[in-house]
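To start, the structure itself, in structure tokens.
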Amino acid sequence: MNTNLANDNVQIEQILDAAKQLSISYLQQLDERPISIDQPSHRLPLLSNEGLGAIQTQQLFEKEFLHNIIASSGPRYYGFVTGGSTPAAIAGDWLTSVFDQNTQNAKGNGDVSAMLEMHTVQMLLQLFSLPNVFMGAFVTGATMSNFSALAVARQWFGKQKGYDVALEGLQPGINIYTSVPHSSSVKSLSMLGIGSKNIISVPTLEGRECMDVNALKATIEKFPDEPFILISSGGTVNTVDFDDMEETAALKKQYNFWWHIDAAFGGFAACSDAYKHLLKGWENADSVTIDNHKWMNVPYDSAVVFTRKEHAILQVQTFQNSNAPYLGNAFDDFNYLNYVPENSRRFRALPVWFTLMAYGKEGYKNIVETNIEQAVAFGELINQSDEYTLAAPVRLNTVCFTVKEDNGRKEKIAAVLAELNKRGKVFMTPTMYKGMSCIRAAFVNWRTTREDVDIAIVELNEVFDLLNTL
Ligand SMILES: Cc1ncc(COP(=O)(O)O)c(C=O)c1O
């Protein structure tokens, strides 16, 4: 055995202790750590011949690179839709690395971690009050969840047309109806060979990002007997608007379509009695995307794809890894690798299992409702400000706003964000909404407090004043 490896093997306690100490000091100083880095500085060493051993490697990392690690899991990181990690999720994630299971087979050809994945899926269904008609599988993020669901939808479409996409390849002519899909669904259609140009864009309700169901009906009626795939938004990324799930469910009784809902973070509205109506009817979907590294507050990278159990054969047709006899029969022996793109799979369910067990339904209701209160409070402060204005009402946990002055808005927004993020206390990301440059602030972190909301407003006002003096 290599000497460094042999030494590290003996010193495993010191190595993990050093990683633990670094973890604790990072977490304890999260509030003071910059939330973005303007100009990263580091010296990246060449690959050494002998290697340094784990302890010295961590020391080198601390010296050369640690200062570049930002507080993205901190309470004032409002960019994208990035959650932090709960303490239990961190523990579960650490142990996932230590255990290093290859999560595939629930029957237990050695590794039974898939049983816990199934149990975690059951708990997720309970968290979201979804019926037991869904199976779920862990993937790396909502992009892969959308991709996986749409891949099964593609297989379903082929079946309606009398061919097997997985065996024969795709034939042109798949119609996709959607209004305001997340970019990752569009990307998925490209990756799946369906082609994003095959999207038939359904108009939204006036001034909203949600689908006009009457317009959808009119679109369907042009070819009422043609099967199609419908992608609904369970929370748009800019203004968290929801397509009407109940009305869509009613259409499902009338027309032949695969219904996919991207509820990457909006699905968490189901945790709150006050907001669960936004999803009423979503249990009738064929597939649903949920992102765990958003409002679940587990570390990257983790999402789940729910698909109706009745579509299991289509799913296995799509993802089967059947030309490997040593892996068993894809249709007879349950194995996750026949249900998702990845063959080898990290024990990704463990951090979710830990955090669900640790905080339960009440814990998630509290995180969701607290973040929504913060978004509403932030939105009110934006509306009271002299410089900024809301671009859309605050519907859930994300605030989409812009500068009041429309002259030179694009440049002003870019300058505000550059300065705000450079200061390192608060982080937000840009967007375009209805052709207008805007800023998004997404509240999904369990650590965020009302004080953090006030800090964000103070920062935004100071940045505006500063830019005016230049
Ligand atoms: C609605 C929605 N869908 C999909 C995604 C893609 O998620 P991921 O980056 O985890 O793949 C996002 C990310 O913000 C999202 O908000």
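The values are calculated or read from the model by the stated rules, or taken from the named source; none is laboratory data. It should be emphasised that the depicted structure is a prediction, and the values quoted were computed from it without experimental measurement. Here the Cβ is made from the backbone with ideal geometry for all residues, glycine too, and neighbour counts use every protein chain on show. To get the accessible areas, we keep the full protein, side chains included, count just its heavy atoms, and leave off ligands, DNA and RNA. Shrake-Rupley method; radii C 1.70, N 1.55, O 1.52, S 1.80 Å.
Points to keep in mind about this one:
- Matching entry among Ser190, Ser183 (being within 20 Å of the chain's Cα centre (by Cα), more than 19 Å from Ser232 (Cβ to Cβ), of a type in the set (S, T, N, Q) and surrounded by fewer than 16 Cβ atoms within 10 Å (Cβ to Cβ)): Ser190
- Members of the stretch 375-418 that are assigned to a helix (DSSP H, G or I), surrounded by fewer than 17 Cβ atoms within 10 Å (Cβ to Cβ) and touching a residue at least 12 places away in the same chain (Cβ under 8 Å): Arg409, Lys410, Ala414
- Screening Glu451, Glu462 for residues that are more than 21 Å from Asn371 (Cα to Cα) and either in a loop (DSSP other than H, G, I, E, B) or open to solvent by 70 Å² or more (accessible area, probe 1.4 Å) (or both) leaves exactly one candidate, Glu462.
- Residues in the stretch 125-152 that are part of a helix (DSSP H, G or I) and more than 16 Å from the ligand (Cβ to nearest atom): Leu125, Gln126, Leu127, Val152.
- Only one of Asp164, Asp100 that is out of contact with any Gly (no Cβ under 9 Å at 6 or more places or on another chain), surrounded by fewer than 22 Cβ atoms within 10 Å (Cβ to Cβ) and of a type in the set (D, E, K, R): Asp100
- Filter pass, Val444 being of a type in the set (A, V, I, L, M) and surrounded by fewer than 19 Cβ atoms within 10 Å (Cβ to Cβ): no
- Test: residue in the stretch 189-196 that is part of a helix (DSSP H, G or I), away from the ligand (no atom under 16 Å from the Cβ) and of a type in the set (S, T, N, Q): no
- Boolean, Thr204 is within 19 Å of the chain's Cα centre (by Cα), within 16 Å of the ligand (Cβ to nearest atom), free of Cβ contacts under 8 Å to residues at least 60 places away in the same chain and over 21 Å from Val139 (Cβ atoms): no
- Qualifying residue in the stretch 291-312 (condition: without any contact (Cβ under 8 Å) to a residue 60 or more places away in the chain, among the hydrophobic types (A, V, I, L, M, F, W, C) and more than 12 Å from the ligand (Cβ to nearest atom)): no
- Here the stretch 214-246 is the region considered, the condition is being crowded, with 17+ Cβ neighbours inside 10 Å and among the charged types (D, E, K, R), and the residue that is farthest from the chain's Cα centre (by Cα) is Asp244.
- Condition check for Tyr275: open to solvent by 30 Å² or more (accessible area, probe 1.4 Å), modelled with pLDDT of 95 or more, within 13 Å of the ligand (Cβ to nearest atom) and assigned by TED's automatic domain parsing to the domain that holds Gln160: no
- Of the residues making up the stretch 279-289, those that are more than 10 Å from the ligand (Cβ to nearest atom), buried (at least 24 other Cβ atoms within 10 Å of the Cβ) and not in a loop (DSSP other than H, G, I, E, B) are Leu279, Trp282, Ser287, Val288.
Okay, residues lined up against (1) assigned by TED's automatic domain parsing to the domain that holds Arg43; (2) within 30 Å of Val240 (Cα to Cα); (3) surrounded by 15 or more Cβ atoms within 10 Å (Cβ to Cβ):
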| residue | (1), (2), (3) |
| --- | --- |
| Glu62 | yes, no, no |
| Tyr77 | no, yes, yes |
| Ala88 | no, yes, yes |
| Asp93 | no, yes, yes |
| Asn105 | no, no, yes |
| Met115 | no, no, yes |
| Leu125 | no, yes, yes |
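- Qualifying residue in the stretch 248-267 (condition: in a helix (DSSP H, G or I), in the same structural domain as Gly141 (by TED's automatic domain parsing), within 12 Å of the ligand (Cβ to nearest atom) and open to solvent by less than 20 Å² (accessible area, probe 1.4 Å)): yes
- When Ser322 is tested against the conditions (1) open to solvent by 20 Å² or more (accessible area, probe 1.4 Å); (2) under 23 Å from Arg154 (Cα atoms); (3) in contact with a Gly (Cβ under 9 Å, 6 or more places away or on another chain), the lone failure is (3).
- Filter result for Lys197 (assigned by TED's automatic domain parsing to the domain that holds Ala263, charged (D, E, K, R) and either at pLDDT below 95 or open to solvent by less than 30 Å² (accessible area, probe 1.4 Å) (or both)): yes
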